[in-house]
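Read the structure below first, then the notes.
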Amino acid sequence: MSLTTTRRPGDRVFSGLARGAGLLILVALAGVAAFLTVEALPAFTAPPEALAGAADLLAYVAPLAFGTLLAALLALLVATPLALGVALVVSHYAPRPVARVVGAAIDLLAAIPSVVYGLWGLAFLGVRLTPVYAWLSDHLGWLPLFAGPASSTGRTILTAALVLAVMVLPIITAITREIFAQTPVLHQEAALALGATRWEMIRLAVLPHARSGIVSAVMLGLGRALGETMAVAMVLSASGVVTLDLVGATNPSTIAANIALTFPDSTGLSVNALLASGLALFVITLAVNVAARLVVARSQRSTR
């Protein structure tokens, strides 16, 4: 006796819509890539005056890519441990009423516009960090990270990274909080029954279960940090150089901020150069997401 399944019309419609949505995303991605590639081609032979004085396109894009990666990585170094700590407090430590309030407050951070973060970093955070930068330059100036001289305005790559850290915090926290809450209760109870402390239970049961989700959350935060425009453009006093000094007045710029600041006054091949830098940012973001998917897939296979 053979069993046959009949698909309802609603199932067929939903399946078609889902497939169409997936195909539409691929078409849009391919369209963006094709547009950026075509528009960037003239920039490969552009003269130095169209490349802000750089000898070639690589010399023009490389400092911007360096600043983009530096600011994003610094932001992740600050935001990731803080986000994981907040997520653990909300999911496993705080009483339910407190956890609800803290979770809502973190989620509200995602609703704040980028320009507000930029104004906060420019008028509040940077000004108050100026004495800290001076102290770091005076006492730790032998390190390349704090070589100085310290900026008198606080508009440094470190200030921009701290603003980015606050901006990506709700993304990482929200995802990891939900993943921590989905840890099987039996696993947690078994660890506690064997005499583990709450931290040991989290370390042995919760974190291994959430490993792939943590990677995904961090990569989503990295994508937000890589593409952020207005907040970085408002906070950072950029010079388009390659430097590891985090507290000085001479700072590298980011691709997105450079496009936002220079595009209105650009014409001809200068526009093509900006689009070429946008293509570089597109490739960097795509590579980061592909690498994240590979890490997540490998982590999921290792936990099975």
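Every number in this text was worked out from the coordinates using simple rules, so none of it is lab data. None of these values were measured; they are calculated from a predicted model. Positions of Cβ are generated from backbone atoms using ideal geometry, with glycine treated the same way; all protein chains shown enter the neighbour counts.
Sort 88-97, 269-278, 23-32 for me by packing, meaning the mean count of neighbouring Cβ atoms within 10 Å per residue, highest on top. Present the calculation step by step, with values, prior to reporting the outcome.
Numbers: 88-97: 15.3, 269-278: 21.5, 23-32: 10.4.
My ranking of the peptides, most packed first, is 269-278, 88-97, 23-32.
Could I have the simple spin-label model distance between Val101 and Leu186, label points 7 Å from Cα toward Cβ, reported in nm to one decimal?
Distance between the two pseudo-spin positions: 3.7 nm.
Run the helix sum for the chain: -39,500 (n - 2.57) per DSSP H stretch of 4+ residues, divided by residue count, reported at 222 nm to the nearest 500 deg cm²/dmol. Walk me through the numbers before you get to the answer.
Values: 12 runs with 203 residues, N = 304.
Per the formula, -22500 deg cm²/dmol.
Can you give me the distance in nm between label points at Ala55 and Ala94, each placed 7 Å from the Cα along the Cα-to-Cβ direction?
5.4
R0 = 41 Å: FRET efficiency of Leu73 with Phe35, Cβ-based, nearest 0.05? Don't jump to the answer; show the numbers that get you there.
Values: r = 28 Å, r/R0 = 0.69.
Computed FRET efficiency for Leu73 and Phe35 comes out at 0.90.
How many angstrom separate the Cα center of region 142-169 from the Cα center of region 214-252?
9
If the chain between Trp142 and Arg203 were fully stretched, how many nm would it gain, using 0.36 nm times the residue separation less the Cα-Cα distance? It would help to have the intermediate numbers written out before the result.
Working: separation 61, 0.36 × 61 = 21.96 nm, distance 3.75 nm.
Length gained, Trp142 through Arg203: 18.2 nm.
To the nearest 10 degrees, how steep is helix 157-181 against the longest Cα principal axis of the chain, on a 0 to 90 scale?
Here the helix axis deviates by roughly 10 degrees.
Among Gly223, Leu192, Ile175, pick out the residue whose Cα is farthest towards the positive end of the charge dipole of region 147-226, where Lys and Arg carry +1 and Asp and Glu carry -1 on C-beta, about the Cα centre.
About the Cα centre, the residue reaching furthest to the positive side is Gly223.
Compute the long axis of helix 57-88 from its Cα atoms, compare it with the longest principal axis of the Cα atoms of the chain, and write down the angle in degrees, 0 to 90, nearest 10.
That helix lies at roughly 40 degrees to the long axis.
In nm, give the distance between the simple-model label positions of Ala134 and Thr262, each being 7 Å from the Cα along the Cα-to-Cβ direction.
3.3
So how strong a dipole does the chain carry about its Cα centre when Lys and Arg Cβ are +1 and Asp and Glu Cβ are -1, to the nearest 20 debye?
Details: 17 positive and 12 negative charges, 282 e Å.
That gives the chain a dipole magnitude of about 1360 debye.
For Ser114 and Leu286 in one chain, what is 0.36 nm times their gap in residues minus the Cα-Cα distance, to one decimal in nm?
59.7 nm
If a/c stays under 1.5 just call it rounded; otherwise compare a/b with b/c (prolate if a/b is bigger, oblate if not). Do that for region 66-156, with a ≥ b ≥ c from the square roots of the Cα gyration tensor eigenvalues. Intermediate values should be presented prior to the final figure.
Numbers: a/c = 2.38, a/b = 1.89, b/c = 1.25.
Prolate, because a/c is 1.5 or more and a/b exceeds b/c.
So what is the relative contact order for region 211-303, in percent, with contacts set as C-alpha pairs under 8 Å and at least six apart? Write out the running numbers ahead of the final one.
Values: 72 pairs, mean separation 35.7, N = 93.
Contact order relative to length: 38 percent.
Would you mind putting 172-181, 138-147 in packing order, based on average other-beta-carbon counts within 10 Å, highest first? Let's see the in-between values first.
Numbers: 172-181: 21.9, 138-147: 13.4.
Taking the mean over residues of other Cβ atoms within 10 Å, the ranking is 172-181, 138-147.
Looking at the square roots a ≥ b ≥ c of the eigenvalues of the Cα gyration tensor of region 55-303, which shape do they give, rounded for a/c under 1.5, prolate if a/b is larger than b/c, or oblate?
On the way: a/c = 2.20, a/b = 1.69, b/c = 1.31.
Prolate, because a/c is 1.5 or more and a/b exceeds b/c.
Treating the angle as unsigned and between 0 and 90°, give the value, to the nearest 10°, between the Cα long axis of helix 269-303 and the longest Cα principal axis of the chain.
Between the helix axis and the principal axis of the chain, the angle is about 30 degrees.
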